Amino acid sequence: MSNLKVLVFGQVNNNLNELIAKANSIHNSKNGPFSLLLILGNIITSEDHVDALDLPGYFTSRSFDQLPQVFKEKVSQEDNFGEVSPNLTYLGSTGRFNVAEGLSIAFHGGSQDDGDIIPGPVDILLSHDFPTAITDHSQSAPLLADDVSMSKLVSQAVVDTTPRYHFAPCKGTFWERKPFEWPESDPANRVTRFIALDSYAGAKKWFYAFNILAQQSEFPALPPANLTANPFINNSQKDERAEDTKSTDNSAVLTAIDRPKRPLDTQQPGKKKRKTKTRTVNPDSCFFCLSNPKVDRQLIVSIADESYLALPKGPLTLLHDDIPTHILFIPLPHVPTFSSLPDESKDKVALEKRKYMAAMGQLYGPKDLVPVSFEINRSDGVHAHTQIVFIRKDTINDLKQAFLREAEMNGLKMTEQSNVPAEGDYFVVSLDTAQEYLVIEIAPGSYFDLQFGRKVLASHLEILDRLDWRACAQSPKEEESFGNKFKQAFKPLDFTL
Ligand SMILES: [Zn+2]
């Protein structure tokens, strides 16, 4: 199982060599190298020479007829497959293909004549049309132009292949749908993410970069918390359609005790489909609220009057000199953002945070570690918290650039500010003792990747295998051991004792 870095570009319209130059420059930049490039939609080009790609690239076409002339000279209609220019491979219209790196790709050209894709799970599905129903159960669905075609054949392809990622081109639109789950999949916990990209060099986001473990056969026990109902599963009680669920930052002390464990067998005739409900988390079920009896006590390492410190589930970084290096700062009141703290505790929480940061500075500073802290403040969040990761001082130098670059890559505007915004939703990161904040303002209701901060850090620290916190989940015994190690080291500095 290898960890692959995949780059996806939107449809190209008579600027193929420009696209190739762009792909090569991203591949050869600090963001690269990438394992492969996927180009969505039909390639339209009248160019008679196609430059070489520096990385393997793949594309499909609705039909052989719609291939550019320059490519028709390279592959026969009979083969309907082959390398058409250096490193660029035409996959055909409808079918499946495993790229050399082990990634399984299925693709659907939208025509009935090509037959169906052979059923079976794939890593990535590429289609020219949107599957019908994809906008169901989604509050974030864009208004689609009339010329966006919705296809039942593509819906069938989604059901048949339960792809982990599904990409389709969509001129003038970028849409990353919240993920949905296949409750009776084997392996369990398969989740599909649908992403529509604008055409190459369009006004909206037209490229997408992500990491994927090829042909993963086991999935983490805990699915993402922002799942919506699966639009492809017929629910017998349609009137109880779930909306997009509330977002929850699950990289934290949260566990999913409230989620029923699913049996692994896939066929269960007559079994009622589980419905995804809009989730409102109250203090008695919030895993950051100490009043919740199910809170993981072994992860709590210090409690002050208005806030506390805990270790996260599935920490990004592990021990340094036998001391855990990833810590959470959490206010005691159950509020979604720090700015919504009640007046009587707001100043106290801020003061306690400064005291905790100073005390931890004394613990880690002599070890040449410095803090990176980040948090998401969303009014529809569950319980505010700050993630604090202590990293080696010599690795912090270009971290600011890494955040700015990753934000740009994701079409997000990140600005340096001397204060955090007084209101509104935002992501903020602060580096070491710098007196500035890097802020991304989040428009109400819009999608923001809850793992953004962790992803940038994982990539920067070159620990991509720890990118997904669920893949790093520890046993209660390990958690207890980490908790004890922190408490012991922090004891002489802990102002709450
Ligand atoms: Zn809470």
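Throughout, read-outs are computed from the coordinates displayed, never taken from laboratory work. Being a predicted model, the structure only gives us computed values, none of them experimental. Cβ placement follows ideal geometry from the backbone for every residue including glycine, while neighbour counts extend to all protein chains displayed.
Taking other Cβ atoms within 10 Å as a rough exposure proxy, Phe59, Phe64 sort from fewest to most as Phe64, Phe59.
Backbone amide hydrogens, once placed in the peptide plane, bring Arg190 within less than 5 Å of Trp182, Ser185, excluding anything fewer than 5 places away on its chain.
Contact order for the chain, expressed relative to its length and based on alpha carbon pairs under 8 Å spaced 6+ residues apart, stands at 11 percent. As a proxy for reagent exposure, ranking Leu55, Leu290 by other Cβ atoms within 10 Å from fewest up yields Leu290, Leu55. With both residues required to sit in the chain, DSSP beta bridges show an antiparallel share near 65%. Rounded to the nearest 10 degrees, the inclination of helix 16-27 to the longest alpha-carbon principal axis of the chain is 30 degrees. Antiparallel versus total DSSP beta bridges in segment 106-192: what percent is that, nearest 5? Bridges in segment 106-192 are about 25 percent antiparallel. Normalised Debye scattering of segment 377-493 at q = 0.16, 0.17, 0.23 Å⁻¹ gives log10 I(q)/I(0) of -0.94, -1.04, -1.44, counting only Cα atoms as equal scatterers and leaving out solvent.
Converting the Cα gyration tensor eigenvalues of segment 1-89 into ellipsoid dimensions via √(5λ) gives semi-axes, longest first, of 23, 15, 11 Å. Overall dimensions of the chain, expressed as equivalent-ellipsoid semi-axes from the Cα gyration tensor (√(5λ), whole Å, largest first), are 42, 26, 20. Computed from Cα positions, the angle between helix 399-409 and the longest principal axis of the chain comes to roughly 40 degrees. Backbone phi angles across segment 318-326, fed through the Karplus curve with coefficients 6.51, -1.76 and 1.60 (θ = phi - 60°), yield HN-Hα couplings of 9, 8, 10, 6, 6, 10, x, 10, 10 Hz in residue order; Gly and Pro are listed as x. A cysteine counts as unpartnered when no other cysteine's C-beta lies under 4.7 Å of its own; in the chain this applies to Cys170, Cys472. Separation of segment 456-497 from segment 20-60 is 39 Å, based on Cα centroids. Restricting the calculation to Cα atoms, segment 3-213 shows an Rg/Rh of 0.94 when the hydrodynamic-style radius is the Kirkwood one. Scanning residues 5 or more positions from Leu341 or on other chains, none has an amide H under 5 Å from its amide H, with H placed 1.01 Å from N in the peptide plane. Neighbour counts of other Cβ atoms within 10 Å put Lys367, Lys400 in the fewest-to-most order Lys367, Lys400. With K and R counted +1 and D and E -1, the other residues having a Cβ less than 15 Å from that of Ser111 yield a net charge of -3.
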